[in-house]
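Supplied in structure tokens, the structure appears directly below.
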Amino acid sequence: MNRRARTAMFLAAAGVTGGFLVAAFTQLPPFGTKDHPYGTRAVAASLQHRTANAVSAVNFDQRALDTLGEEFILFGAVLGAVALLRRARDEDRAAPQPGGVLPSTRLFGACLLPVTVLVGAYVVAHGQLSPGGGFQGGVVLATALHLAYVAADYRVLRRVRPLAVFAALDAVGAGAYSLLGLAGLCASAAYLQNVLPLGTFNDLASGGLVPLLNAAVGVEVASGVIVLIAQFLDQAVDIASPHRPEGGPKAPDSTGEDGR
Amino acid sequence: MSILPFLAAGWILLAGIYGMVTSRNLVHAVGCLAVAQSSTYVLLLGVGFRRGGTAPVFSDIPTRTPVVDPVVQALVLTDIVVGTTVTALLLSLVIQIRKRTGTVDPEDLTELRG
């Protein structure tokens, strides 16, 4: 199909879709309405379980089973990326060349790395109190380690990032979430039901199961993102350009055959 | 115009799909998919907005303060996580396609390979 026909087809389909969307939008409750039946009930349920952050209460208490699924989507995606980006037989590893880094950049990275790790841990630990939680804090933690790559070089990153450990931690985080759900079954309640002591409202130890699930998610997201970025960095830095099939538009001299 | 935020979400969706339809680069197409998906964030947050409401976090406000809907915010969080992981997976597929065929232009990928 040529480009013009394709664009025409898109415009026709977009017109129909847009028409239906506008028709649906006019039937929605008005923007900014005071009437939020689900929201009101979710807030009441979150306050009843002494969780100050209602969003965390929805994610890790009322909808904890959905978050379990979400966590395994993340786990599956990391697994898929590792499988797709593993080193092929015809690829060669090249030692990455260290680049020049300004001393001030190096100092900046060295000072900022521990601060960022601390912020990440804080965001994970206070998920039940303030905006944040396992997902957000986990990403901050993963970013922190990569300051070693930005401010120093790849070999430093490899030293602060034992990949096998983080790959195992990813599985441990995912497993811990599933196992924490069993606490509910042990107390003869439902799977992932919040049966732990609820603590004092607005205290670090409040919300029962919520901070524990947050910690499990934080470990999983942090190590998952680290493993994921490591796969892409390997492609960019570590693996020499692969052997291209014949007839490809850009076929460099094939040096990949001796890489087995 | 009380449906303007919803219309914005619809426009973002169609803009993202337009990008995917006309894309000549798979990395660009993955980016457009992320744009199309982000329309759901705008729509969900628009649905959950309460006029005069604040963030649904009660650590420093009285518990009777009107807040916006926390349910849709939790849904947006799920949405972002799933979107990010799908983007990562698709980008690794693009890397494999580039390695195996030497191109990232979807129009050059016409034949099936065994």
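For the range A:125-140, give me the residue count where each residue is open to solvent by 40 Å² or more (accessible area, probe 1.4 Å) and part of a helix (DSSP H, G or I).
4
Take the range B:61-80 and flag every residue that is in contact with a strand residue (DSSP E or B) (Cβ under 8 Å, 6 or more places away or on another chain) and either open to solvent by less than 30 Å² (accessible area, probe 1.4 Å) or touching a residue at least 24 places away in the same chain (Cβ under 8 Å) (or both).
Keep residues of the range B:61-80 that are in contact with a strand residue (DSSP E or B) (Cβ under 8 Å, 6 or more places away or on another chain), which gives B:61, B:65-69.
Correct list: B:Val67, B:Val68, B:Asp69.
Kindly list, by first and then second residue, each pair from a residue in the range B:2-17 that is within 7 Å of chain A (Cβ to nearest Cβ) to a residue that is outside any helix (DSSP H, G or I), limited to pairs with Cβ atoms under 6 Å and residues at least 6 apart or on different chains.
Every condition considered, the pairs that remain are B:Ser2/A:Pro30; B:Ser2/A:Phe31; B:Pro5/A:Phe31.
For (1) more than 18 Å from the chain's Cα centre (by Cα); (2) open to solvent by 20 Å² or more (accessible area, probe 1.4 Å); (3) not aliphatic (A, V, I, L, M), each residue gets a yes or a no:
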residue	(1), (2), (3)
A:Leu47	yes, yes, no
A:Phe75	no, yes, yes
A:Leu79	no, yes, no
A:Arg89	yes, yes, yes
A:Gln97	yes, yes, yes
A:Leu107	yes, yes, no
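Taking the range B:91-112 as the search range and keeping residues that are hydrophobic (A, V, I, L, M, F, W, C) and more than 21 Å from A:Arg6 (Cα to Cα), which one is nearest to the chain's Cα centre (by Cα)?
So in the range B:91-112, the residues hydrophobic (A, V, I, L, M, F, W, C) come out as B:91, B:93-95, B:97, B:104, B:109, B:112.
Next, from what is left, pick out any that are more than 21 Å from A:Arg6 (Cα to Cα): B:91, B:93-95, B:97, B:112.
Working: B:Leu91: 15, B:Leu93: 19, B:Val94: 19, B:Ile95: 21, B:Ile97: 23, B:Leu112: 30 Å.
Here the answer is B:Leu91.
A further question follows. Run A:Gly208 past the list (1) in contact with a Pro (Cβ under 7 Å, 6 or more places away or on another chain); (2) over 20 Å from A:Ala52 (Cβ atoms) and report the number of the one that doesn't hold.
Of (1) in contact with a Pro (Cβ under 7 Å, 6 or more places away or on another chain); (2) over 20 Å from A:Ala52 (Cβ atoms), only one is false for A:Gly208: (2).
Follow-up. Condition first: more than 7 Å from every other protein chain (Cβ to nearest Cβ) and of a type in the set (S, T, N, Q). Now tell me which residues in the range A:1-16 satisfy that.
Matches in the range A:1-16: A:Asn2 only.
To continue, here is another question. Just name the residue that is most open to solvent (accessible area, probe 1.4 Å) out of those in the range A:146-166 that are among the charged types (D, E, K, R) and assigned to a helix (DSSP H, G or I).
At the first step, the residues of the range A:146-166 found to be among the charged types (D, E, K, R) are A:153, A:155, A:158-159, A:161.
Now narrow it down to the ones that are assigned to a helix (DSSP H, G or I): A:155, A:158-159.
On the way: A:Arg155: 110, A:Arg158: 102, A:Arg159: 183 Å².
Filtering the range A:146-166 for residues that are among the charged types (D, E, K, R) and assigned to a helix (DSSP H, G or I), the one most open to solvent (accessible area, probe 1.4 Å) comes out as A:Arg159.
Do the conditions hold for A:Leu84, that is, is it over 29 Å from B:Ala74 (Cα atoms) and in contact with a Ser or Thr (Cβ under 7 Å, 6 or more places away or on another chain)?
Working: over 29 Å from B:Ala74 (Cα atoms): yes; in contact with a Ser or Thr (Cβ under 7 Å, 6 or more places away or on another chain): yes.
It is true that A:Leu84 is over 29 Å from B:Ala74 (Cα atoms) and in contact with a Ser or Thr (Cβ under 7 Å, 6 or more places away or on another chain).
Every residue in the range A:49-63 that is assigned to a helix (DSSP H, G or I) and either buried (at least 23 other Cβ atoms within 10 Å of the Cβ) or at the interface with chain B (Cβ under 7 Å from one of its Cβ atoms) (or both), please. Lay out the reasoning, then the answer.
Quick first cut of the range A:49-63, residues assigned to a helix (DSSP H, G or I) only: A:54-62.
Residues satisfying the conditions are A:Ala54, A:Val55, A:Ser56, A:Ala57, A:Val58, A:Asn59, A:Phe60, A:Asp61.
Looking only at the range B:81-96, which residues are over 22 Å from B:Val42 (Cβ atoms) and either hydroxyl-bearing (Ser, Thr, Tyr) or open to solvent by less than 50 Å² (accessible area, probe 1.4 Å) (or both)?
Filtering the range B:81-96 down to residues over 22 Å from B:Val42 (Cβ atoms) leaves B:88-89, B:91-96.
Selection gives B:Ala88, B:Ser92, B:Val94, B:Ile95, B:Gln96.
Tell me yes or no: at least one residue of the range B:97-104 is part of a loop (DSSP other than H, G, I, E, B), touching a residue at least 40 places away in the same chain (Cβ under 8 Å) and open to solvent by 20 Å² or more (accessible area, probe 1.4 Å). So that I can check it myself, show each step before the final result.
Here is the first cut: in the range B:97-104, the residues part of a loop (DSSP other than H, G, I, E, B) are B:102-104.
If we keep only those that are touching a residue at least 40 places away in the same chain (Cβ under 8 Å) too, we end up with B:104.
Going one step further and asking which of them are open to solvent by 20 Å² or more (accessible area, probe 1.4 Å), we end up with B:104.
Within the range B:97-104 (the criterion being part of a loop (DSSP other than H, G, I, E, B), touching a residue at least 40 places away in the same chain (Cβ under 8 Å) and open to solvent by 20 Å² or more (accessible area, probe 1.4 Å)), the answer is yes, since at least one residue qualifies.
Kindly list, by first and then second residue, each pair from a residue in the range B:48-60 that is facing chain A (nearest Cβ under 8 Å) to a residue that is surrounded by fewer than 16 Cβ atoms within 10 Å (Cβ to Cβ) and among the acidic types (Asp, Glu), limited to pairs with Cβ atoms under 9 Å and residues at least 6 apart or on different chains.
Once the first residue is facing chain A (nearest Cβ under 8 Å) and sits in the range B:48-60, its partners that are surrounded by fewer than 16 Cβ atoms within 10 Å (Cβ to Cβ) and among the acidic types (Asp, Glu) give B:Arg50/A:Asp35.
Matching residues to (1) in contact with a helix residue (DSSP H, G or I) (Cβ under 7 Å, 6 or more places away or on another chain); (2) modelled with pLDDT under 90; (3) outside any loop (DSSP other than H, G, I, E, B); (4) on the phi < 0 side of the Ramachandran plot:
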position	(1), (2), (3), (4)
A:Glu71	yes, no, yes, yes
A:Leu74	yes, no, yes, yes
A:Val78	yes, no, yes, yes
A:Ala81	yes, no, yes, yes
A:Ala88	no, yes, no, yes
A:Gly99	no, yes, no, yes
A:Leu107	no, no, yes, yes
A:Cys111	no, no, yes, yes
A:Thr116	yes, no, yes, yes
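Of everything in the range B:18-47 that's within 11 Å of the chain's Cα centre (by Cα) and small (Gly, Ala, Ser), which residue is nearest to the other protein chains (Cβ to nearest Cβ)?
B:Ser39
Name the residue that is farthest from B:Tyr18 (Cα to Cα), counting only residues in the range A:2-46 that are in contact with a helix residue (DSSP H, G or I) (Cβ under 8 Å, 6 or more places away or on another chain) and outside any helix (DSSP H, G or I).
A:His36
Just one of (1) more than 30 Å from A:Val16 (Cβ to Cβ); (2) open to solvent by 40 Å² or more (accessible area, probe 1.4 Å) trips up B:Val27, so point out which.
(1)
The values are calculated or read from the model by the stated rules, or taken from the named source; none is laboratory data. Note that the structure is a prediction, hence the values are computed from the model and not measured. Quick reminder, even Gly has a Cβ in these numbers, built from the backbone with ideal geometry, and neighbours come from all protein chains shown. Only protein heavy atoms, including side chains, enter the accessible area calculation; ligands, DNA and RNA are left aside. Shrake-Rupley method; radii C 1.70, N 1.55, O 1.52, S 1.80 Å.
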